[in-house]
Amino acid sequence: MRIPSLALTTALALAAALANLSANAQTIHPADHAGPVPATQIVTSSATPAPLGLQIFCLREPTHCAAAPATALEMDQRLMNLLASVNREVNAAIRPRMRSTQVWELGAQTGDCKDYAMNKRAELIARGVPAGALRLAIGLTAQGEGHAVLIVRTTVGDYVLDNLTAQILPFNQTGHTLTAISSPDPKRWNRVA
């Protein structure tokens, strides 16, 4: 049986796309992962500078910016409950307001997405979550607005704590396009591939 040329071209293109998708799912994350990257884990490429406001914050608050050993948390109901609780509490504690300064802030009563992300990170660390499992990330919302979130690296993928929702979602289900993410050292960032 002969396959028409258009169908053959389409089949070859689909096979190539599937092969590329499989190859990307097994990409090694150079910064902090020793094995294959799960399909739901953020993959990074080259280094990029940390956001300037975070750099200033780290100069002022170096203890909150210390490097930590990379780790992935075992995802279970207890961890999901903790993440949801911290997300809700911090979302309720900070009144949303765009600030004129881009410096990230802890203990803010009003602030923007960067402040929510930083405060969630600090609260999770205070509750015993290893800092090496937490990442700060920036990107764009589905509406194209700049945004920052906290990422929690788990054994089943990367989850997002976001001031725009009470839900804890896998990073690839948020509708956001992440462009850069911190390593286990909040002062060292990588572009999202």
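Residue by residue, segment 129-140 carries 3J(HN,Hα) couplings of 6, x, 4, x, 9, 10, 9, 8, 9, 10, x, 10 Hz when phi is fed to the Karplus relation 6.51 cos²θ - 1.76 cosθ + 1.60 (θ = phi - 60°); x denotes Gly or Pro. Note on segment 63-193: Cα-only Rg and Dmax are 13.4, 39 Å. For segment 90-138, the Kirkwood hydrodynamic radius from C-alpha pairs, put into Stokes-Einstein at 20 °C and a viscosity of 1.002 mPa s, yields a diffusion coefficient of 191 µm² per second. Along the axis of the charge dipole computed for segment 94-169 (Cβ charges of +1 for Lys and Arg, -1 for Asp and Glu, origin at the Cα centre), the listed residues Ala131, Cys113, Gln167 are led at the positive end by Ala131. Between Ala47 and Arg95, the modelled label-to-label distance comes to 4.2 nm, taking each label 7 Å out from Cα in the direction of the beta carbon.
Note on segment 143-193: Kirkwood radius taken over Cα pairs, Stokes-Einstein applied at 25 °C and 0.890 mPa s, translational D equal to 208 µm² s⁻¹. If the segment from Ala126 to Arg78 were pulled out straight at 0.36 nm per residue, it would be longer than the present Cα-Cα gap by 15.7 nm.
Since every read-out is calculated from the coordinates, none of them should be taken as a lab result. Values in this document were obtained by computation on a predicted structure and should not be read as measured data. Quick reminder, even Gly has a Cβ in these numbers, built from the backbone with ideal geometry, and neighbours come from all protein chains shown.
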